[in-house]
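Take a look at the structure below.
The values are calculated or read from the model by the stated rules, or taken from the named source; none is laboratory data. Predicted, not measured: the structure shown is a model, and the values here were computed from it. Here the Cβ is made from the backbone with ideal geometry for all residues, glycine too, and neighbour counts use every protein chain on show.
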Amino acid sequence: MTERAAGVVTAVFGPLVRVQVGEDALVVPFRRTLHWAEGIADRRLVVGDRVALEGKPPDSIVTGVEARRTTLTRRSPGERRSRVIAANVDQAVVVMAAVSPEPNPRLLDRFLVACNHAGIEPVICFNKVDQGTAGIDAWIGDYVDAGYELLLASARTSRGVGCLTRKVAGRTTLFPGVREFGFWDLAPSELQAYFPEIARAAAGCSFADCTHESEAACAVRDAAQSGKLSARRYTSFLKLRQELEATADRA
Ligand SMILES: [Zn+2]
């Protein structure tokens, strides 16, 4: 009788994958013709894939892949299509230093849009806060206003580490480099849904398809000009929208 098991892919190394099966981490090959669940378009094993294995360890082999509940995608410069880089992730933690290397809120905005679009809960963690928070003081309030949860941590003093540990317990969490997030398959008109505070302000715009850029009566632009909405987040939104429009034109 063939021995069967189920596991989760935790790393991919060319022809081999590391699969967590219960308490055991196995490094195993996969069948050349895997059985893919219906609906999986990008047929490459990625971290987070739930897989079926056959055979007794250490001679197990991956034979099939279950449907992906969520996917995180990335498009590298020069690639026409985005590809799946992780599956079945519940939440993604972005860790940025509070002072050095200089934190970049524009990268954070991209990360938040990518997570929200993929249905993955983003967790924003600023590390090294023992060195001060001068690099983030001017703009972290924007994210609190938008409704995101922020964790302030210091690996050196252990401040906030327990909080992060509790946050990730029992959930499939991705700790990606924030630079992983380039482009994603998103229509320019969809973008505002992933900027919660802009989506809220947009309810007051005169046109349902308002781009919040040049329309005469725009509640979003008014809010940014009067300081009710972060002017920085508004600018970030406009820049991302222009990027998506340029991508849509090329496609
Ligand atoms: Zn508007």
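Below is a table of values for the structure above.
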{"item": "Arg75 being closer than 30 Å to Pro188 by Cβ and touching a Ser or Thr at 6+ places or on another chain (Cβ under 7 Å)", "result": "yes"}
{"item": "Set Ala138, Ala87: member being modelled with pLDDT of 85 or more, surrounded by fewer than 21 Cβ atoms within 10 Å (Cβ to Cβ), farther than 22 Å from Arg166 by Cβ and small (Gly, Ala, Ser)", "result": "Ala138"}
{"item": "Residue list for the stretch 112-167, filter: part of a helix (DSSP H, G or I) and of a type in the set (A, V, I, L, M)", "result": "Leu112, Val113, Ala114, Ala118, Val129, Ile140, Val144, Ala146, Val161, Leu164"}
{"item": "Residue in the stretch 199-210 that is in contact with a Leu (Cβ under 7 Å, 6 or more places away or on another chain) and outside any loop (DSSP other than H, G, I, E, B) present", "result": "yes"}
{"item": "Residue selected from the stretch 222-251 under the condition farther than 18 Å from Ala193 by Cβ and of a type in the set (Lys, Arg), by the criterion surrounded by the fewest Cβ atoms within 10 Å (Cβ to Cβ)", "result": "Arg250"}
{"item": "Qualifying residue in the stretch 205-213 (condition: of a type in the set (S, T, N, Q) and within 14 Å of the ligand (Cβ to nearest atom))", "result": "yes"}
{"item": "Residue match in the stretch 68-83 (condition: without any contact (Cβ under 8 Å) to a residue 12 or more places away in the chain and among the acidic types (Asp, Glu))", "result": "yes"}
{"item": "Number of the condition not met by Leu240 [criteria: (1) free of Cβ contacts under 8 Å to residues at least 12 places away in the same chain; (2) within 16 Å of the ligand (Cβ to nearest atom)]", "result": "(1)"}
{"item": "Of residues in the stretch 185-204 being under 25 Å from the mean Cα position of the chain (by Cα) and within 10 Å of the ligand (Cβ to nearest atom), the one surrounded by the fewest Cβ atoms within 10 Å (Cβ to Cβ)", "result": "Ala202"}
